[in-house]
Amino acid sequence: MTSEGRANFRRIFLLIGRLALGAMFLFAAYAKLKPQAAMPWSVGSVRTSLSMFAMQVDSYQLLPPGAVSLAAHSLPFIELALGLWLLTGLWLRSSTLITSLLLACFFSLMVRTYSLGLEINCGCFGPGEQLGKKSLLRDGSLLAFSLAVTICAFLARKKRGESATSVSVASEPQRAN
Amino acid sequence: MIRRTFHPLPVAALCDLAVVAMLALLCGAGVSGQTHQRAQTHAVANSDASAAPVKSLGNKNAPITMEVFSDYQCPSCGNFYENTLKHMIQESVAAGQVYFVHRDFPLPMHPYSYMAARWSNAAAKIGKFEVVDGALFDNQAAWSADGNIERFVAAAVGPADFKRIKKLMEGCDVNPNAGVKPAAFNNSGQADHGCLLDTYIEQDKQIANQIPVSQTPTSIITYKGQRYPAMPGFVTWPILKQFFDSLLKQ
């Protein structure tokens, strides 16, 4: 593959990658915020969904109740913001890096909980999904995919930076003339 | 001098008759009293045997119902009871906000959990569920070591109630979760060796399979008839209370 072909592939992979990750984060936020038990959308029902998510965070037995509440009430909105940020494609290196760090954090928490033998709900995409090999495999794959997208974003920037330098070097003699 | 004729014989006979009659009456009363007492005991034993175990606490019409599928020997269930359910019973159940329902889900990996569930069901039949449930969780580590559940049940209830519980435990001496299972105990865990209390445990297990529940503790919360997804694992009281408050504010 030529360098131009590689660059095109990277560009397409980056586009698909950020759109897929963005959509996934939007879905994860929606699953945590959506009203449970056939309740209509309202501030009260969203608050109940967040409290339900807090119980899932609490079942990981890692944080004190105050921190659990804070994490559970802010995480879905962070996911929502991150999903939208990835879809816009702005400051791609930062957005993909934050996505990878967040996914790495989630994945390490899941591995820790699984190794402790705690049989709980994952809480990844709303309630009802048990933490097990399947969810670990899925989140591990997502982390690997996100890392690949992040690397691509950094390489694309580097490549653009190099080509910008070569253009400016090439234009130097013209300016001298 | 008029000598008054004294008739000791008829008087003595009358006295004798009176004494005999009194004795007869007393004996009769005693016999009938004993029979009555025996009949009463028998009636109590019969009503105990036919009564359904009440393994719930609080007002049935409370807006929130919390069902907890639990295993008496599971450490996480013990932790959940001590740190969360106790507070919930004292606060939300007592305030009429929550109706708490205990469901038995003894796991095969715990050798004494099924026996503990039997004791709990026997106690629930005579209305002593709360104290025995508490005693079993409070002393989980002690009876888990040697399987002597009886002493903690005896200590939790009075001698009269313990006698009634013991009566209900008749035929329940074979431990289905022990290493060697009796031939009559089939693979599904359904007992058919004469312990009537197993019916209630199996009923709870059937409910668990319908949901489905696979681990303990698992909490099922229903608010005004709407059931929320099953929550497996331990949850601290402040976080559970926060959830209850959000439901009650709706």
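Counting Cα-Cα pairs of region B:56-249 in 10 Å increments starting at 0 gives whole-percent bin shares of 9, 36, 37, 15, 3, 0.
Taken one residue at a time, the phi angles of region A:7-22 give Karplus couplings (6.51, -1.76, 1.60, θ = phi - 60°) of 5, 5, 4, 4, 5, 5, 4, 5, 5, 4, x, 5, 5, 5, 5, x Hz. Gly and Pro are set to x. Fully extending the segment from A:Ile78 to A:Lys134 would add 17.7 nm, taking 0.36 nm per residue of separation and subtracting the current Cα-Cα distance. How about B:Lys241: which lysines have a C-alpha closer than 26 Å to its C-alpha, ignoring those fewer than 8 places off in the same chain? B:Lys241 reaches A:Lys32, A:Lys34, B:Lys55, B:Lys60, B:Lys86, B:Lys224, B:Lys249. Note on chain A: GNM, Cα springs under 10 Å; of A:Ser42, A:Ser108, A:Ser94, the largest mean-square fluctuation is that of A:Ser42. For chain A, the longest principal axis of the C-alpha atoms and the axis of helix A:65-88 are separated by about 40°.
Over region B:56-249, what is the relative contact order in whole percent, taking alpha-carbon pairs under 8 Å and six or more residues apart? The normalised contact order for region B:56-249 reaches 30 percent. Show the residues, 5+ positions off or on another chain, whose built amide H is closer than 5 Å to the amide H of B:Tyr99. When sequence neighbours closer than 5 places are left aside, the close amide H contacts are B:Ile64, B:Thr65, B:Met66. Given 10 °C and 1.306 mPa s, compute D for region A:3-176 with the Stokes-Einstein relation, Rh being the Kirkwood radius over Cα pairs; round to the nearest whole µm²/s. Answer from the Stokes-Einstein relation: 88 µm²/s. Between A:Leu86, A:Leu137, A:Leu21, the GNM of chain A built on Cα springs shorter than 10 angstrom shows A:Leu137 fluctuating the most. Averaged over the residues of peptide A:45-57, the number of Cβ atoms from other protein chains lying within 10 Å of each residue's Cβ is 5. Work from the charge dipole of region A:3-176 (Cβ charges, +1 for Lys and Arg, -1 for Asp and Glu, about the Cα centre) and give the residue of A:Leu143, A:Ala28, A:Leu15 farthest towards its positive end. Value: A:Leu15. For region B:110-159 versus region A:77-138, the inter-centroid distance based on Cα atoms is 42 Å. Using a cutoff of 8 angstrom between alpha carbon atoms and counting only pairs six or more residues apart, the relative contact order for chain A works out to 28 percent.
Quick note: the coordinates plus some simple rules give every number you see, no bench work behind them. On a predicted model such as this, the values are computed, not experimentally measured, just so you know. Reconstructed Cβ throughout: ideal geometry from the backbone, glycine too, with neighbour counts over all protein chains shown.
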